[in-house]
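What follows is a short report on a single structure.
The values are calculated or read from the model by the stated rules, or taken from the named source; none is laboratory data. What you are looking at is a predicted structure, and each value in this text was computed from that prediction instead of being measured. FYI the Cβ positions are ideal-geometry reconstructions off the backbone, even for glycines, and counts take in every protein chain you see. Note: areas computed on protein heavy atoms with side chains; ligands, DNA, RNA excluded. Shrake-Rupley method; radii C 1.70, N 1.55, O 1.52, S 1.80 Å.
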Amino acid sequence: MPGNRGVYVVGAGVVGLSTAIRALEAGFEVTIFAELFPGDKKSIKYTSCWAAANHISVASTNELLHQLERETFSALTQLLKDDPLAPVMSQPHQEHVETMRPEIQKQMDHLAQFYSDYRVMQPAELPEGVSYGGEFTTFFIDVPRYLVWLMDRFLILGGKAFRATLPSLSVLLSKDNCPTIAPFPPTSTNPTPSFNPVAILNCTGIGALSLGDVLDTDVFPTRGEVLILRAPWIKHGLTHYYNDGHLSYVLPRQSGDVILGGTFQVGDWHPTSRPETVKSIKERGIEAYPELLPEGKREFRNIQDLEVVEECVGLRPTRKGGIRLEVTTLNAHSRSVPVVHNYGHGGAGYQSSWGSAKMAVELLKSALQ
Ligand SMILES: Cc1cc2nc3c(=O)[nH]c(=O)nc-3n(C[C@H](O)[C@H](O)[C@H](O)COP(=O)(O)OP(=O)(O)OC[C@H]3O[C@@H](n4cnc5c(N)ncnc54)[C@H](O)[C@@H]3O)c2cc1C
């Protein structure tokens, strides 16, 4: 392909990696710069490693997100056809409602419209205390394996990656101003980057608050505290809506681990688990779904019998106005370069990842025309 096709992607979370893969597939030469990568020790600065994560549409009132989630659902369907061993499962998910309220009804109507096999469950199928149930088939992503799988796919397609903590995007336009960079993985023999990209893709998640020249104060965290349990016998997901307005969710992974959640705490930056929250997640979890306990221990409903692997806290990168998918221009070091922003996915970064990646690459192509 003639001319400079070099683009830089900043960020190696689910959004950055998916975007980088789609950019490679579109014929660009792609280099990722990121502070954190798949396989690193988990960090509060890297939301993707903490996600639950499955595909349950939350786009009843957001047209863009709806489109991105639809596109991602199709991409995940294709991905499993192309690679049946990919760390993604297609399994049933149930929604259990104790008492129906208008906002829950709206979400159920939305799910019924979004997922083609959605069905209302029969009263005989519902546990005690549940007045409404819905079931549909969707995707469950085994997060640690999936991130590594994405990184491998990026490298196999010829992508290059460097570890760097960037104070701004402009430093990528000047070798002399860029902080220390190191090839990723460390064993790779990547040539030094040119610092001459035709465009930059900003996929920094909550890190959009850390880039001096494009800092976006509309970004804020929605803290999520969840538990990873060992419960390989759980084969379907569940969301349980309690009468008091709380909800629990249970999401199985291919590995046999199960996520039990969780919280949605707007503006809360607290980076570690809180004992009272952990206790409440466990108590609500076994109330809604005693099957989380090993067989033989379900009758007593004792939270000590849950096999907890890890207590997790992640900061969903939420943004006033929703996901930012737009192009701006970066003027620095006597150069002018388009920046495609792709961040602010909140609690939907996995389920909108491939749709966002596709749209970001379309924006990239039109910015370069
Ligand atoms: C508890 C919980 C449950 C969730 N469940 C789901 C779910 O079921 N379904 C779903 O779709 N989503 C879910 N999410 C949301 C999802 O995890 C996020 O939307 C998604 O991970 C955001 O990905 P990202 O790539 O934008 O950001 P991140 O994963 O945070 O990645 C950001 C990247 O940018 C890099 N970076 C940032 N700033 C800089 C800088 N200055 N210099 C260099 N590098 C930088 C970081 O190192 C990292 O590589 C959940 C989240 C949580 C916390």
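Among the protein heavy atoms of region 8-157, carbon and sulfur supply 54% of the accessible surface, probe 1.4 Å, non-protein parts ignored. Taking a ≥ b ≥ c as the square roots of the Cα gyration tensor eigenvalues, region 146-257 comes out oblate, since a/c reaches at least 1.5 and a/b does not exceed b/c. Under 13 Å of direct C-alpha separation, and excluding same-chain neighbours fewer than eight residues apart, K320 reaches these aspartates and glutamates: D216, D218.
The packing ranking, built from the mean of other Cβ atoms within 10 Å per residue, places the peptides 120-128, 151-159 in the order 151-159, 120-128, highest first.
Given R0 = 22 Å, the distance between the Cβ atoms of D82 and E25 translates into a calculated FRET efficiency of 0.95. Per-residue ellipticity at 222 nm computed for the chain from its helices equals -8000 deg cm²/dmol, with DSSP H segments shorter than 4 residues left out and the rest contributing -39,500 (n - 2.57). Taking the protein heavy atoms of region 281-354 in the context of the full set of protein chains, the accessible area attributed to carbon and sulfur is 41 percent at 1.4 Å. Axis of helix 275-288 versus longest Cα principal axis of the chain: the two differ by about 50°, to the nearest ten degrees.
Estimated from the Cβ-Cβ distance and a Förster radius of 35 angstrom, the FRET efficiency linking N302 and L209 is about 0.25. For the pair N62 and T180, a Förster radius of 51 Å applied to the C-beta separation gives a FRET efficiency near 0.80, rounded to the nearest 0.05. Solvent exposure of region 1-145, expressed per residue, is 44 Å² of accessible area, with all protein chains present and a 1.4 angstrom probe.
Each of T137 and V309 was given a label point 7 Å from its Cα along the Cα-to-Cβ line. The distance between the two points is 2.5 nm.
Per residue, the solvent-accessible area of region 268-367 (1.4 Å probe, heavy atoms of protein chains only, all protein chains present) comes to 47 Å².
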